[in-house]
Amino acid sequence: MLALALSGCATRPADRDGPHPDTPPHLERVPDAQPRVEPIRVGGPNKPYVVAGRRYVPMTGDAPLREQGLASWYGRKFHGRPTSSGERYDMFAMTAAHPTMPIPSYARVSNPANGREVLVRVNDRGPFVPGRIIDLSYTAALKLGVLANVAPVVVERLTFDHIRSGRWQRDAAVAEDDPRARALLP
């Protein structure tokens, strides 16, 4: 079961996995994930694993992570199936898959092409395609404007300190007060 869940994000080309036939209206209004401190699970989804001959070693501590790379998304093909965390994948929620972030984690994902950003809860493993750093839920991809194809993004893991202190909110407020950052907001 774990192998199937882990391999899920690796086998889906974006062009074969479209929106659900019963896609709810106004998904752009779905609120971002609300970060909260959740214990990092020992073992399970956070133990080393191998996909397509490549070994991945998930983070097991509360460390920051910042990456730039390509984002993809997954939708109806996996909707309702178990994620690596054991939760059911909901393509209409604000979630994501990452190959090494601790499960669960929260991350800010930014699209430099349009200045949009979202907060997602990382509850799955993937993507397993070279160059891709995160697999977004359908709704997260829609809100970021990356449904058409893979797109460059910046991914930043929120640490427990960011969450406890509320700095993840202040960071957004500071960006809104900065005229240069405001020009990038949707």
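In region 38-73, of all residues being over 27 Å from Asn149 (Cβ atoms) and among the aliphatic types (A, V, I, L, M), the one that is surrounded by the fewest Cβ atoms within 10 Å (Cβ to Cβ) corresponds to Val42. Restricting attention to region 74-99, the residues being out of contact with any Ser or Thr (no Cβ under 7 Å at 6 or more places or on another chain) and crowded, with 20+ Cβ neighbours inside 10 Å number 9.
Looking only at residues of region 12-38 that are part of a loop (DSSP other than H, G, I, E, B) and of a type in the set (Asp, Glu), we find that the one that is modelled with the lowest pLDDT is Asp17. Highlighted here are the helices (runs of 4 or more DSSP H) found entirely within region 84-186 that include at least 2 residues which are of a type in the set (A, V, I, L, M, F, W, C) and modelled with pLDDT of 90 or more: 138-144, 160-165. Scanning region 131-145 for residues that are more than 27 Å from Val37 (Cβ to Cβ) and out of contact with any Lys or Arg (no Cβ under 9 Å at 6 or more places or on another chain) yields Gly131, Arg132, Leu142.
Collect the residues in region 21-61 that are over 18 Å from the mean Cα position of the chain (by Cα) and under 17 Å from Pro127 (Cβ atoms), keeping them in residue-number order. Scanning region 21-61 gives Tyr49, Val50, Val51, Ala52, Gly53, Arg54, Arg55. Selection of region 39-80 for residues being touching a residue at least 60 places away in the same chain (Cβ under 8 Å), farther than 13 Å from Met101 by Cα, in contact with a Lys or Arg (Cβ under 9 Å, 6 or more places away or on another chain) and outside any strand (DSSP E or B) yields Gly75, Lys77, Phe78.
The values are calculated or read from the model by the stated rules, or taken from the named source; none is laboratory data. These numbers come from a predicted model, not from an experiment. Positions of Cβ are backbone-derived with ideal geometry, glycine not excepted, and every protein chain shown enters the neighbour counts.
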